[in-house]
Amino acid sequence: MFDMFGKLQEAQQKMKESKQRLALITVDGEAGDGAVKVTVTGNREVKSLEIAERLLEKDNKEELEDLVITALNRALKAAENTWESEMKSVAGGMLGPLGGLL
């Protein structure tokens, strides 16, 4: 019983450490040949958004909205991939040889 409790505490600690590591990892997404750039953390928190001056004109509103959505989705997908890799690493470490099956 105590061994199981110890493993649970170890898993919680590893998850906490993973979240801390993911907060330090940044990934980027861009659209419109770099006209819109988004940076997010591995925890999927948006850290920055850059928009080219030409998109700030009134006539470019619809294009800007489309590009922001595209850049955000790309950055969030990259962050999701980073998060999944980190979680597989944590799970693999806890499951020993079975971790490779995840």
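Tell me, which residue of segment 27-53 that is of a type in the set (K, R) and at pLDDT 95 or above is farthest from M87 (Cα to Cα)? Taking the candidates together, the pick is K37. Would you confirm whether or not segment 4-24 contains a residue that is over 30 Å from V90 (Cα atoms) and either modelled with pLDDT under 95 or in contact with a strand residue (DSSP E or B) (Cβ under 9 Å, 6 or more places away or on another chain) (or both)? No: zero hits. Applying the criterion of at least 2 residues that are crowded, with 17+ Cβ neighbours inside 10 Å to the strands (runs of 3 or more DSSP E) found wholly in segment 1-52 leaves 26-31, 36-41. Look at A71 and say whether it is over 30 Å from Q9 (Cβ atoms), in contact with a strand residue (DSSP E or B) (Cβ under 6 Å, 6 or more places away or on another chain), at pLDDT 95 or above and aliphatic (A, V, I, L, M). Taking the combined requirement at face value, the residue satisfies it. Find all pairs meeting these conditions: Cβ atoms under 8 angstrom apart; at least six residues apart or on different chains; first residue within segment 80-102 and closer than 19 Å to K7 by Cα; second residue at pLDDT 60 or above and open to solvent by 70 Å² or more (accessible area, probe 1.4 Å). Taking only residues 6 or more apart or on different chains, the pairs are E86/R21; V90/M15; M94/K7; M94/E10; G99/K88; L102/K88.
The values are calculated or read from the model by the stated rules, or taken from the named source; none is laboratory data. None of the values given here were measured: they were computed from a predicted structure. No Cβ is skipped: glycine too gets one built from the backbone with ideal geometry, and neighbour counts run over all protein chains shown. Side chains are part of the model used for accessible areas, which takes the heavy atoms of the whole protein and leaves out ligands, DNA and RNA. Shrake-Rupley method; radii C 1.70, N 1.55, O 1.52, S 1.80 Å.
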